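Taking it in order: structure first as C-alpha cells, then the write-up.
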Amino acid sequence: MRRMLKKIGAFAETGIAVLREIFDEAAYARFLNRAGMVSSSESYAAFRREFEEAKTRRPKCC
Amino acid sequence: MNKTISVLIWAAIAALGAVAVGAVALHRGEPINALWLVVAATCCYAVGYRFYSKFISARILTLDGQRATPAERLENGRDFLVTNKWVVFGHHFAAIAGPGPLVGPVLAAQFGYLPGTMWVLAGAVFAGCVQDFVILLFSVRRDGKSLTEMAKDEIGRVGGFVAYVAVIAILIILLGVAALIVVNALKASPWGTFTIAMTMPIALLMGVYLRRIRPGRVLEVSALGFVLVLAAIWGGQYVSQHEAMARLFTFSAPTLAILIMIYGFAASALPVWLLLAPRDYLSTFVKLGTIALLAVGIVLLHPTLHMPALTRFVDGTGPVFAGKIFPFAFITIACGAISGFHALISSGTTPKMIARETETRMVGYGAMMAESAVAIMAIIAACVMQPGIYFAINSPAGIVGQAPAAAAATISSWGFPVTAADMQSLAHAVGEQTLFNRTGGAPAFAVGMAHIFSHSLGGETLMALWYHFAIMFEALFILTILDAGTRVARFMVQDALGHVYKPLGRTSWYPSILATSALIVGAWGYFLWQGVKDPLGGINSLWPLFGISNQLLATVALCVATTIIIKMHRAKYAAVTLVPLAWLVAVTFTASWHKMFDANPRVGFLAQARVLAAGPMSPATVRVIFNNRLDAAVTGVLVVMVTLVLVESARQWIGILSGAREARVKESPFVRTRFVEERG
C-alpha cells in the first residue's frame with residue numbers, strides 16, 4: 001500500500017512538473033534563481049521581456 | 001522479467017492487434033464499436049514502439065547514453081536546459097498537437113472510417129514517428145540545429161533555401177486555412193462568437209493577474225481563466241436567445257474574416273504579455289484537458305460508429321473535398337500520420353532540453369504516437385454521427401444547395417438519409433440556427449464530441465453546452481496558432497530582410513514590425529478571403545494545398561534524414577526513411593498534378609479556371625479565376641523546389657555510395673556525459 005502511494009505521489013509530482021514546464025512556471029523559477037531575484041511584479045516583467053522573443057519564435061504545429 | 005513471459009505477452013498484444021485491425025478492415029454492414037479502433041491503435045502503437053523504434057535506435061542511430069547532449073554541454077538555464085524526460089515529452093506533445101489531427105481525419109471521414117484509420121496507424125508507426133524521432137536525434141547531435149540549418153549543412157545551400165521557403169509557404173497556407181475553419185465555425189453563430197469574444201477580456205484579466213496580482217502563477221491563473229471561459233459558454237446561450245444581443249454577435253463569413261485579419265495583425269505587432277501569452281496558456285490548458293477528457297470519454301462510453309467502413313466517395317466525387325482516395329486521403333490527414341511541421345519542432349526547442357540521447361526515442365517517437373491517438377479520436381468523433389448528418393454539416397452549399405429541403409434530398413439521394421427536420425432539430429439541440437454547410441471540420445467534430453458526451457454526461461439538455469465547449473476549444477487554439485504563427489513567420493521574414501537592410505532585421509524596430517506583420521497577415525489573409533468567397537466552401541481547394549505543402553516539408557525532412565543515415569554508413573538501413581520518403585513523393589506529386597491539371601473542375605485548379613472563363617464574367621468570377629491560377633502556381637512552385645532538394649539529395653547519396661564523395665557528417669564532437677548512465 002505504502003509503495004503504491006509512493007508511486008502515485010511520484011506520478012503526480014511528474015505530472016505537476018510537466019505542467020509547470022508547459023506553462024513556463026519552471027522557466028520563471030529558473031530565471032529568478034539565475035538573476036538572484038524574488039518573485040514580484042518587476043521580476044516577472046523582466047522575465048517576460050527576456051523570455052518573450054525566444055518563446056514567440058517557437059513554432060507550434062497545426 | 002522472464003524472457004518467456006515477455007515473449008508471450010508481446011505475442012498476445014500482437015495477436016490482439018492483428019484481430020482488431022482485421023475487424024476494423026474487414027467489418028462490413030452493421031455498425032462497428034469504437035473500441036475496435038481503440039484496441040487496434042493501442043496494440044499497433046505498443047508493437048511499433050517496442051520493436052520498430054528499438055530497431056531504429058539500436059541498428060541505425062546507435063543511441064549513445066554516454067554522449068553528452070547540447071542541453072548538458074551548453075546549459076545556460078534558458079534555451080539549453082537538462083530536463084526530465086517526461087517533462088520534455090509533455091512539452092513536445094503540447095507543441096506538436098494542434099487542430100490538424102482533429103480536422104484532417106474529420107474531413108477524410110467522407111471516405112468512411114477505414115482509409116483514415118489505416119493511414120493514421122501505418123503512417124504514424126512507419127513514417128511520422130520515425131521522422132520526428134530521427135530529426136530530433138540528428139538535431140541533438142548538432143547542438144540543436146534547426147531543420148533548415150541541417151538541410152544546408154548536409155544537402156547543400158539549395159536544401160537550406162528550399163526548406164526555408166517551404167516553411168514560410170506552409171505557415172502562410174496553414175494560417176489561411178486555420179482562419180477559414182474558425183470563420184466557418186463561427187459564422188451566423190452568436191453563441192460561439194460571444195464565447196470566443198469573451199476569451200479576449202478573460203485573457204487580459206489573466207495578463208493583469210499574472211503581472212500585478214500573483215506574478216508567475218500561470219497554472220493558477222489558467223485554471224481561473226478556464227472557469228471564466230466555462231461561464232462564458234454558459235452565458236452564450238442567453239446571448240443567442242436575446243434578440244438584440246444575438247444580432248450584435250452574429251457575423252457573416254466576410255465580416256468574421258476581416259475581424260480575424262485585424263486580430264492577426266494586432267496580435268503580431270503588439271506586446272505579447274498582455275493578451276497573447278495568457279491566451280496561449282488558456283488555450284493549452286483547455287487543449288490538454290479536452291484531449292484527456294475525450295480519450296477517457298471514448299474508452300468509457302465506447303460509442304458505435306455509424307459511418308460505413310468505405311463510402312461511395314472513394315471514387316473521388318466526395319462533397320467535402322473532391323478527389324480519389326489515392327492520393328487525397330493521404331494529404332488530407334497529415335498531422336496524425338506524418339507532418340513535416342513536426343520536423344521544425346523536433347529541431348527547435350525540444351533538442352535543447354533532452355538530457356540523454358536515449359530519451360529521444362520516447363520523446364520523438366512516443367509523442368508522435370500520442371498525436372496519432374488524437375487523430376484516431378477525431379475519426380471516432382466524426383463517425384459516431386449518422387452519415388447523413390455528417391454530410392449535411394460538411395457539404396458546401398455549392399454542392400448540395402442553400403435550401404435545407406434540397407440539401408437533405410441531395411444527401412439522401414447519395415444513400416445517406418437525412419431530413420431537413422432532423423437537421424433543424426439537431427441545430428436546435430446544439431443552440432445553432434442551422435448546421436447545413438458548416439464546412440471546415442470543426443463543427444462536425446464538435447457535434448461528434450457533443451454526441452459522445454451528452455449520452456452519459458447531462459444527456460440531451462447539455463448537448464448545446466458540449467457543442468459550444470468543443471467549438472470554443474477548437475477556435476481558441478486555432479486563434480492561438482494564428483497569432484503565434486504570424487509572429488514566427490514575421491521573425492523569419494525579418495531575419496531574411498536583415499541581410500538586405502540591417503534595421504529590417506531588428507525585431508524591436510517598429511517600422512519593420514508593422515511592415516512585416518502586414519506582409520504576413522496580408523499573405524494568409526488573401527488565402528482566407530479566397531476561401532470565404534469560394535463557391536465550393538474554400539476547404540475544397542485550401543485544405544489540399546495545406547496538406548501538399550505540409551507533406552512536401554516532410555519530404556524535405558526525410559531527405560535530410562536519409563542523407564545523414566547514408567553518411568553514417570548505415571545505407572543498408574536507409575529504407576527506414578527512404579520508403580516513407582518514396583511514399584510521400586508519390587502522394588504529394590500525384591496530388592499536386594491532380595490539383596493543377598486534373599480535367600475535373602472540382603479537382604483541378606486550372607480546369608476550374610477554364611470552366612469559369614468560358615461562362616459569363618463578373619468581377620467575382622474574374623477573382624475566382626485568378627485565385628485558381630494562383631493556387632496552381634503555388635502548388636507548382638512548391639513541387640519544383642522539392643524536386644530540387646530531391647535531386648540534390650540523390651546526387652549526395654549516389655556520390656557517397658559510389659565513393660566519389662566523402663561521407664562526412666557534420667555532428668558536434670563527442671563529449672562524455674557527466675551523468676551516470678542508467679540501465680535500460
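Bear in mind that the values in this text are calculations on the coordinates, not laboratory data. Since we're looking at a predicted model, the values are computed, not measured. Note: ideal-geometry Cβ built from the backbone for every residue, glycine included; neighbour counts use all protein chains shown.
Computed from the C-beta positions of B:ALA23 and B:ALA633, the FRET efficiency with R₀ = 51 Å rounds to 0.65.
Rounded to the nearest 20 Debye, what is the dipole magnitude of segment A:2-56 about its Cα centre when Lys and Arg each give +1 and Asp and Glu each give -1 at the C-beta? Numbers along the way, then the final one.
Working: 10 positive and 8 negative charges, 109 e Å.
The calculated dipole for segment A:2-56 is roughly 520 debye.
Look at the stretch B:211-224: the mean tally of other chain Cβ atoms within 10 Å of its residues' Cβ atoms is 5. In whole angstrom, note down how far apart the Cα centers of segment B:160-233 and segment A:9-30 are. Using only Cα atoms to place each centre, the spacing works out to 22 Å.
Rounded to the nearest 10 degrees, the inclination of helix B:367-383 to the longest alpha-carbon principal axis of chain B is 20 degrees.
For B:HIS468, B:HIS242, what ranking results if the residue with the fewest other Cβ atoms within 10 Å of its Cβ goes first? Could you put the intermediate results ahead of the total?
On the way: B:HIS468 27, B:HIS242 13.
Lowest count first: B:HIS242, B:HIS468.
Sort B:94-101, B:64-71 by packing, meaning the average of other beta carbons within 10 Å per residue, with the highest value first. Could the numbers behind the result be given before it?
Numbers: B:94-101: 26.6, B:64-71: 20.2.
The packing order, highest mean first, is B:94-101, B:64-71.
Name the shape class, rounded, prolate or oblate, that the alpha-carbon gyration tensor gives for chain B, where a ≥ b ≥ c are the square roots of its eigenvalues, rounded holds for a/c under 1.5, and otherwise prolate holds if a/b is larger than b/c and oblate otherwise. In terms of gyration-tensor shape, rounded.
Pull out a ≥ b ≥ c, the square roots of the eigenvalues of the alpha-carbon gyration tensor of segment B:192-291, then state rounded if a/c is under 1.5, prolate if not and a/b is larger than b/c, and oblate in the remaining case. Note, shape of segment B:192-291 comes out oblate.
Figure the gain on full extension for B:GLU667 and B:ALA14 (residue separation times 0.36 nm, minus the Cα-Cα span) and round it to one decimal in nm.
Values: separation 653, 0.36 × 653 = 235.08 nm, distance 3.74 nm.
Contour length minus the Cα-Cα distance gives 231.3 nm.
Between the Cα long axis of helix B:3-26 and the first principal axis of chain B there is an angle of about 30°, rounded to the nearest 10. For segment B:1-141, what class follows from the C-alpha gyration tensor (a ≥ b ≥ c being the square roots of its eigenvalues): rounded when a/c is under 1.5, otherwise prolate if a/b is larger than b/c, else oblate? Since a/c reaches 1.5 but b/c is at least a/b, the shape of segment B:1-141 is classed as oblate. Each residue of segment B:551-568 was assigned a 3J(HN,Hα) from its phi angle through the Karplus expression (A = 6.51, B = -1.76, C = 1.60, θ = phi - 60°), giving 6, 5, 5, 5, 4, 4, 4, 6, 5, 4, 4, 5, 4, 5, 4, 5, 5, 7 Hz with x at Gly and Pro.
Once backbone amide H atoms are built at 1.01 Å from N, B:PHE251 has B:ALA188, B:SER189 as its partners under 5 Å, excluding neighbours fewer than 5 places away on the same chain.
Shielding by partners for peptide A:11-24, expressed as the average number of C-beta atoms from other protein chains within 10 Å of each residue's C-beta, is 6. Here's how it looks for B:VAL384: its modeled amide H is under 5 Å from those of B:HIS306, which are all 5 or more places away or on a different chain. Karplus-derived 3J(HN,Hα) values for segment B:611-627, using 6.51 cos²θ - 1.76 cosθ + 1.60 with θ = phi - 60°, are 4, 5, 5, 7, x, x, 9, 9, x, 5, 5, 4, 5, 5, 4, 4, 4 Hz; glycine and proline are entered as x.
How would you order B:500-507, B:511-518, B:320-327, B:304-311 from highest to lowest mean count of nearby Cβ atoms within 10 Å?
Numbers: B:500-507: 13.1, B:511-518: 17.5, B:320-327: 22.5, B:304-311: 19.6.
Highest-to-lowest ranking by the protection proxy: B:320-327, B:304-311, B:511-518, B:500-507.
If the chain linking B:ASN600 and B:ALA244 were pulled fully straight, counting 0.36 nm for each residue of separation and taking away their Cα-Cα distance, it would gain 123.6 nm.
Fewest-first ordering of A:VAL38, B:VAL579, B:VAL134, B:VAL603 by other beta carbons within 10 Å of each residue's beta carbon gives A:VAL38, B:VAL579, B:VAL603, B:VAL134. Across all C-alpha atoms in the protein assembly as shown, the radius of gyration and Dmax reach 24.9, 80 Å. Rounded to the nearest 10 degrees, the inclination of helix A:25-35 to the longest alpha-carbon principal axis of chain A is 60 degrees.
Need one value for B:81-94: mean number of C-beta atoms belonging to other chains within 10 Å of its residues' C-beta atoms.
Details: counts 4, 0, 4, 6, 1, 6, 9, 2, 2, 8, 4, 1, 2, 7.
Mean shielding count: 4.
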